[in-house]
Protein chains: 2
Amino acid sequence: MAISFTEENYLKVIHRLSEATSEDISTNAVAELMQTKAASVTDMLRKLADKGWVNYQKYQGVRLSPAGEKIALSIVRKHRLWEVFLVDKMGFNWDEVHEIAEQLEHIESDELVQKLDAYLGFPKTDPHGDPIPNKEGILPELAYLHLSDIKAGKNCILMGVAQDSAVFLQLLTKLNLSLGAKLAIMEINEFDRSFFVSINDAEPIFISHEVAKNILVKILA
Amino acid sequence: MAISFTEENYLKVIHRLSEATSEDISTNAVAELMQTKAASVTDMLRKLADKGWVNYQKYQGVRLSPAGEKIALSIVRKHRLWEVFLVDKMGFNWDEVHEIAEQLEHIESDELVQKLDAYLGFPKTDPHGDPIPNKEGILPELAYLHLSDIKAGKNCILMGVAQDSAVFLQLLTKLNLSLGAKLAIMEINEFDRSFFVSINDAEPIFISHEVAKNILVKILA
DNA sequence: TTTATTTTTTAGGTTAATCTAAAAAATATT
DNA sequence: AATATTTTTTAGATTAACCTAAAAAATAAA
C-alpha cells in the first residue's frame, strides 16, 4: 500500500514514543513531536488505523500494529544508516547529520538500503550510539546505562547519547566527549548531582546532571 | 523562497524541454513529461510565474527565468551526482539508477552536495555521459554527435546516450555497448539506415537506426 | 460524587496539487 | 475570410494534510 512521507513520520514518532513506555500513546504526545495540533493527529490516527498500521480507539490512545512496527523500523534503519554514511563517508560532524537524515530516510529502494549497509561495513550503531535495526527489523537491545545512574569511582565507556539535538552534541564535542571516550567518575556533588569526570585520563572536568542524564555508557569490568 | 518537490519537478521538465529548442515551451509538452493534464499545468505555470521562476503569458508558452534556470540546474546537478554515486560507489548498473536519483535529487543540503561532489572526485559526467553542472550552474557543453549522423568508415568513442530509459540501457548492455567503447562503423544499410558496427574490435554487429540515434559519440582523430 | 480541568474529538474551513468538462483563444483548412 | 480543429484556459470538484473553535469524553479536584 502506498505511504506518504507524512504517514511515515507519524509512524516513526509513534514508534519513538512507544520505546519509552508500554502504555498506549496519547494524541497530545504525538502532536507535540509532530509539531502539529491534536485535531490533525486525530484525523491521521484514524487514517493510519484504516490502513492497518496502528491500533486506535478514540480517547484510548494509539499503538503500532505489527505492520506499522515493521514500517517504522525500516525508517529508523534507513535514518541511522544514512547518518553513518554522512559521518563516515561525507565527513560531517555528529551534530550536523540529523536534518539531512530526516530527508534521506524516506528514499524508497530496498536494494539501495542493502547496498548502503554493505558499503558501510554493516554498522551496528549510528554516530550517536543508537542501534541500527537489521533487515528483518530486529533491533539489537544494547541496554546501556545513563551516566547519571552510575556511582562515583566507576570507570565506563561512552556508548551513546539519549538525544540528538545539535546544541547538546556540540556541547559534548566541546567537552571532548565522543563515542568510545573513557570516563572515570571522580566525584558526584550532592548539591546539584553534578559530576566531576576525567575523560580519557585527562584533568577532571565538570558535567551537569542534565548532561549526565543524556549520556549512555557501559561500565568497565 | 520555499519550493515543493512538485515545483522542482516542473522546473526540471521545463529545463529539459528548453534544451532541445529556443522556442517557448507549450503547456501540452510540459503536461506530457509531467504525466499530468494540461489544466493542471496551467495552474502550476501561473504559480511558478508568481514566484518569479518562469516567464509565462497565457496562450504564449513558458520559459525559465534566470532564477528558475538556476534552480533547475541545481536539481540536474544533484540528480547526476547521485547517479554517479549509485553506480560508482553502490555498484548499481547504469539502467537501474534513474528512479532512485529522481528521489535523491530533492534532498536539500548544499553542504552535502559539495561533499558528495568531492567524494566522487568531481566527476564531469554522469553514468550516461550527461554533463554535470558545476556549483555555479554552468553546464560544460560537450557537443557530442549522434552515431546516426556519422559516416561509414569512421571510428569513434561512445561518450553518452540521448535517453535514460531502462529498456534502452539494458539493450546497450546486452550489445556490449558501454561508455568509452570504441565503435568502428563498417557499413550503413541504405534500406533502413541500420548500422554494422564493430565494438572494441570484435566481430561487427547489427544496430538499428533507432539505437544509433540515441548513442552519442566523439569521432577519433 | 459533583464540579472543574484537561484531553480528545467533531465540525467546518484552508491550501496545494490534481482532475473533468466546458469555454475561449490560437492555428489550420477549406 | 469563414469554418473546423487543436490547444489552452477557466470553472468547479476532489484529496491529503493541515487549521480553529466548539463539543464531548476522560480525568482530577473539591
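The values are calculated or read from the model by the stated rules, or taken from the named source; none is laboratory data. Because the structure is a prediction, the values reported are computed rather than measured. Cβ sites come from the backbone with ideal geometry, for glycine too, and all protein chains shown count toward neighbours. Calculation scope for accessible area: heavy atoms of the full protein, side chains included, ligands and nucleic acids excluded. Shrake-Rupley method; radii C 1.70, N 1.55, O 1.52, S 1.80 Å.
Annotations
- Using only side-chain charges placed at the Cβ, +1 for Lys and Arg and -1 for Asp and Glu, the dipole size of segment B:145-219 relative to its Cα centre rounds to 200 debye.
- 10 Å Cβ shell holding at most 13 others, DSSP loop, chymotrypsin sites (Phe, Trp or Tyr not before Pro): longest site-free stretch of chain A: A:60-190
- Candidate aspartates and glutamates - alpha carbon under 14 Å from B:Lys182, same-chain residues fewer than 8 apart omitted: B:Asp201, B:Glu203
- A simple charge model with +1 on the Cβ of Lys and Arg, -1 on the Cβ of Asp and Glu and nothing else charged puts the dipole of chain A at about 340 debye relative to its Cα centre.
- Residue-wise HN-Hα coupling along segment A:12-25, computed from phi with Karplus coefficients 6.51, -1.76, 1.60 (Hz; x: Gly, Pro): 4, 5, 4, 4, 4, 5, 6, 5, 8, 8, 9, 6, 5, 8
- Taking the protein heavy atoms of segment B:16-101 in the context of the full set of protein chains, the accessible area attributed to carbon and sulfur is 45 percent at 1.4 Å.
- Segment A:74-221: C-alpha gyration tensor shape, a/c 1.5 cut-off, then a/b vs b/c: prolate
- Leading residue at positive end of dipole, chain A (Cβ point charges), from A:Val197, A:Gln60, A:Phe5: A:Gln60
- Per residue accessible area of the protein assembly as shown, 1.4 Å probe, in Å²: 53 Å²
- Between amide H atoms placed 1.01 Å from N, distances below 5 Å from B:Val54 occur with B:Ala49, B:Ser65, all of them 5 or more places distant or on a separate chain.
- Fully extended contour minus Cα-Cα distance, from B:Ala143 to B:Arg16, at 0.36 nm per residue: 44.1 nm
- Modelled spin-label separation between B:Glu32 and A:Ala221, with each label point placed 7 Å from Cα along the Cα-to-Cβ direction: 7.1 nm.
- Over chain B, dividing the summed -39,500 (n - 2.57) contributions of all DSSP H runs of at least 4 residues by the number of residues returns a 222 nm mean residue ellipticity of -11500 deg cm²/dmol.
- Restricting segment B:1-74 to GluC sites (Glu not before Pro) that sit in a DSSP loop and have at most 14 other Cβ atoms within 10 Å of their own Cβ leaves B:Glu23.
- Apportionment of accessible area to carbon and sulfur, segment A:145-219, percent (1.4 Å): 55 percent
- Separation in nanometres of the label points that stand 7 Å from Cα toward Cβ, at B:Lys51 and A:Glu136: 4.5 nm
- Buried accessible surface for the B/A chain pair comes to about 1700 Å², total over both chains, computed with a 1.4 Å probe.
- Simple point charges give the picture: +1 on the Cβ of Lys and Arg, -1 on the Cβ of Asp and Glu, and for segment B:5-64 a dipole about the Cα centre of about 120 debye.
- Within straight-line cross-link reach of A:Lys78, lysines at Cα separation under 23 Å, skipping those fewer than 8 residues along the same chain: A:Lys12, A:Lys51, A:Lys70, A:Lys89, A:Lys115, A:Lys124, A:Lys135, B:Lys78, B:Lys89, B:Lys115
- Simple spin-label estimate for A:Ile157 and B:Asp43 in nanometres, 7 Å along Cα-Cβ: 5.7 nm
- Legend: Rg and Dmax of segment A:18-80, from Cα coordinates, 11.6, 33 Å.
- Within segment A:89-105, the residues that become at least 50 Å² less accessible when every protein chain is included than when their own chain is isolated (1.4 Å probe; DNA, RNA and ligands ignored) are A:Met90, A:Phe92, A:Gln103.
- Segment B:64-92-segment B:182-201 distance, computed between alpha-carbon centres (Å): 33 Å
- Relative contact order (percent, whole number), chain A, Cα cutoff 8 Å, 6+ residue spacing: 15 percent
- Kirkwood-type radius of the protein assembly as shown, with distances r between different C-alpha atoms, in Å: 25.7 Å
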